[in-house]
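Step one of this worksheet: look at the structure below.
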Amino acid sequence: MGRRYDASEEPADASAQEPGEAAHDLRWAQDVRDSIRCAGVLLALLLLVDWGSGRFTLWRGALWLALALLLFLVLYPARVSAAEGRLASRRLLREHRVRTDLLVSVRCLDGISQRLALRDAFGGRVEIDPEVLVRNPQLWFHLQEGTHKSAAGTLLCGATALRRLSQRIDRETARAVFEASGLE
């Protein structure tokens, strides 16, 4: 019959992704759970305060539920994925995609939270949190691979933003290596 599966016979890098495979944000599921927890805690606190004050009604409960749902929708993270030549960001209702090998501009948008805005030659636009790239080296690898191709031809502005992001990711990676090895 067939042989039993033995993980020790598997090559050490077998869990690494193939170059053609898509990479995903590894912490997305945790971020969704955190969004659910925040909305649930808000709902529980609002209902508890209403119940404790004796002013709880069905209408007020529905209002608090709507408020908690609105908080969940605001906190719901985008699911970022990348493969050879493309980057996609999917929210609840819509997915945005760009061709990373045909980027026209890359901008860092500052505000309450920093965003990286990418636009390609076909008009596709994606905004992502740069922290997603810092936490997921495979996503950064696919983006960097595509931006090298577009820097040679179609990229009009954004080389400085990419260089800064690359330096930040290199710093964070070096810090993580030093912490893991105890050389901090």
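Give the accessible surface of the chain per residue, rounded to a whole number of Å², with probe radius 1.4 Å and ligands, DNA and RNA excluded.
Working: 12390 Å² over 184 residues.
Using a 1.4 Å probe on heavy atoms only, each residue of the chain averages 67 Å².
3J(HN,Hα) couplings calculated from phi for the range 171-179 with the Karplus curve 6.51 cos²θ - 1.76 cosθ + 1.60 (θ = phi - 60°) are, in sequence order, 4, 5, 5, 4, 4, 5, 5, 5, 5 Hz; Gly and Pro show x. Leaving ligands, DNA and RNA out of it, report the carbon-plus-sulfur percent of the accessible area of the range 97-184 at a 1.4 Å probe. With neighbouring chains kept in place, the figure for the range 97-184 is 52 percent.
Applying both filters, DSSP loop and at most 14 other Cβ atoms within 10 Å, to the chymotrypsin sites (Phe, Trp or Tyr not before Pro) of the range 60-135 gives Phe122. Across the range 81-92, rounded Karplus estimates of 3J(HN,Hα) from the backbone phi angles (6.51 cos²θ - 1.76 cosθ + 1.60, θ = phi - 60°) give 9, 9, 9, 4, x, 8, 9, 10, 10, 10, 9, 4 Hz, Gly and Pro being marked x. Applying the criteria of a DSSP loop state and at most 16 other Cβ atoms within 10 Å to the chymotrypsin sites (Phe, Trp or Tyr not before Pro) of the range 24-61 yields Phe56. Dividing the summed helix terms, -39500 (n - 2.57) for each DSSP H run of n ≥ 4, by the number of residues in the chain produces a 222 nm estimate of -16000 deg cm²/dmol to the nearest 500.
A Gaussian network model of the chain, with springs between Cα atoms under 10 Å, assigns the largest mean-square fluctuation among Ser105, Ser53, Ser166 to Ser53.
Taking all protein chains together, Ser150, Ser113 sort by accessible area into Ser113, Ser150, largest first [probe 1.4 Å].
The 3J(HN,Hα) values that the Karplus relation (6.51, -1.76, 1.60; θ = phi - 60°) gives for the range 39-45 are, in residue order, 5, x, 5, 4, 4, 4, 5 Hz. Gly and Pro appear as x. Loop-resident trypsin sites (Lys or Arg not before Pro) (DSSP state other than H, G, I, E or B) in the range 72-181 with no more than 12 further Cβ atoms inside 10 Å of their Cβ: Arg91, Arg94. Computed over the chain with a Gaussian network model linking Cα atoms closer than 10 Å, the most mobile of Leu165, Leu103, Leu65 is Leu65.
The values are calculated or read from the model by the stated rules, or taken from the named source; none is laboratory data. Since this is a predicted model, take the numbers as computed values, not measurements. Neighbour counts run over all protein chains shown; Cβ positions are idealised from the backbone, glycine included. Accessible surface is based on the protein model in full, side chains and every heavy atom, while ligands, DNA and RNA are left aside. Shrake-Rupley method; radii C 1.70, N 1.55, O 1.52, S 1.80 Å.
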